[in-house]
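Notes follow once the structure below has been shown.
The values are calculated or read from the model by the stated rules, or taken from the named source; none is laboratory data. Everything numeric in this text was worked out from a predicted model, so none of it was measured. Note that we place each Cβ from the backbone using ideal geometry, even for glycine, and neighbour counts take in every protein chain shown.
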Amino acid sequence: MRLAKFSGKGAWTYAPLPPLPIPGRNAFGLAKVTGSIDAYELPLSNLMPMGNGRSFLPVKAEVRKIIGKQAGDTVRLVLYAEAQPLAVSDEDLLACLADAPAAEATYARLSPPEQTAWLNWVRAAPTDDAKVARMVAALARLEAGVASPPSK
């Protein structure tokens, strides 16, 4: 990849990128990435939109000085999209039940409204971490033969 520079005073030096399927872009088209440029480890950085699905990575002067590169020089760029939290779904609970035969057996004996109550209890958690914690609690309770989720 060859570094480029926008024209004009105070113009940025950047690494132009081809269209990339990067999850988690915000409303302005920015995406957070980590990685490396040559042997320099990049801190969390923003990929900026260029249009036509393309992006660019601004390369600060301090980074260019460390790697000894300027506009026109070739660099080796390795980027990783910032990890996005995984949304917890009903299917996740059902998959966990498949790995816990006693819990799955209890769940299978429940009426559809009782099964829905468990799913609703997990869904009602405010964050994915809380949903995962509720899934763990649900598995433990179902393994113990408890037919309904906690009331709170």
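Here's a check for you: in segment 120-131, which residue that is in a helix (DSSP H, G or I) and surrounded by fewer than 17 Cβ atoms within 10 Å (Cβ to Cβ) is modelled with the highest pLDDT?
For segment 120-131, the residue satisfying everything is Asn120.
Could you tell me which residue of segment 1-15 is surrounded by the most Cβ atoms within 10 Å (Cβ to Cβ), considering only residues that are among the basic types (Lys, Arg) and modelled with pLDDT of 85 or more?
Checked segment 1-15; the qualifying residue surrounded by the most Cβ atoms within 10 Å (Cβ to Cβ) is Lys5.
May I ask you to verify whether Glu91 is within 18 Å of Ser151 (Cα to Cα) and surrounded by fewer than 16 Cβ atoms within 10 Å (Cβ to Cβ)?
No, not satisfied.
Using the structure shown, decide if Pro113 is free of Cβ contacts under 8 Å to residues at least 24 places away in the same chain and either buried (at least 17 other Cβ atoms within 10 Å of the Cβ) or not in a helix (DSSP H, G or I) (or both).
no
I'm told Gly145 meets every condition in (1) assigned to a loop (DSSP other than H, G, I, E, B); (2) surrounded by 13 or more Cβ atoms within 10 Å (Cβ to Cβ); (3) at pLDDT 90 or above except one. Can you identify the failing condition by its number?
(2)
Of the residues Pro18, Pro49, which single one is closer than 12 Å to Met1 by Cα and either in contact with a Phe, Trp or Tyr (Cβ under 9 Å, 6 or more places away or on another chain) or at pLDDT below 90 (or both)?
Pro18
Of the conditions (1) on the phi < 0 side of the Ramachandran plot; (2) within 27 Å of the chain's Cα centre (by Cα); (3) of a type outside the set (Asp, Glu), Asn52 fails just one. Which one is it?
Every condition holds for Asn52 apart from (1).
List pairs: first in segment 130-152 and among the β-branched types (Val, Ile, Thr), second modelled with pLDDT under 90, Cβ under 7 Å, 6+ apart or cross-chain?
If the second residue must be modelled with pLDDT under 90, the pairs left are Val132/Val88.
Do we find a residue being assigned to a strand (DSSP E or B), buried (at least 16 other Cβ atoms within 10 Å of the Cβ), touching a helix residue (DSSP H, G or I) at 6+ places or on another chain (Cβ under 9 Å) and not basic (Lys, Arg) anywhere in segment 57-77?
no
Please specify each residue of segment 96-110 satisfying the condition of being in contact with a helix residue (DSSP H, G or I) (Cβ under 8 Å, 6 or more places away or on another chain) and surrounded by fewer than 12 Cβ atoms within 10 Å (Cβ to Cβ).
Answer for segment 96-110, where residues must be in contact with a helix residue (DSSP H, G or I) (Cβ under 8 Å, 6 or more places away or on another chain) and surrounded by fewer than 12 Cβ atoms within 10 Å (Cβ to Cβ): just Ala98.
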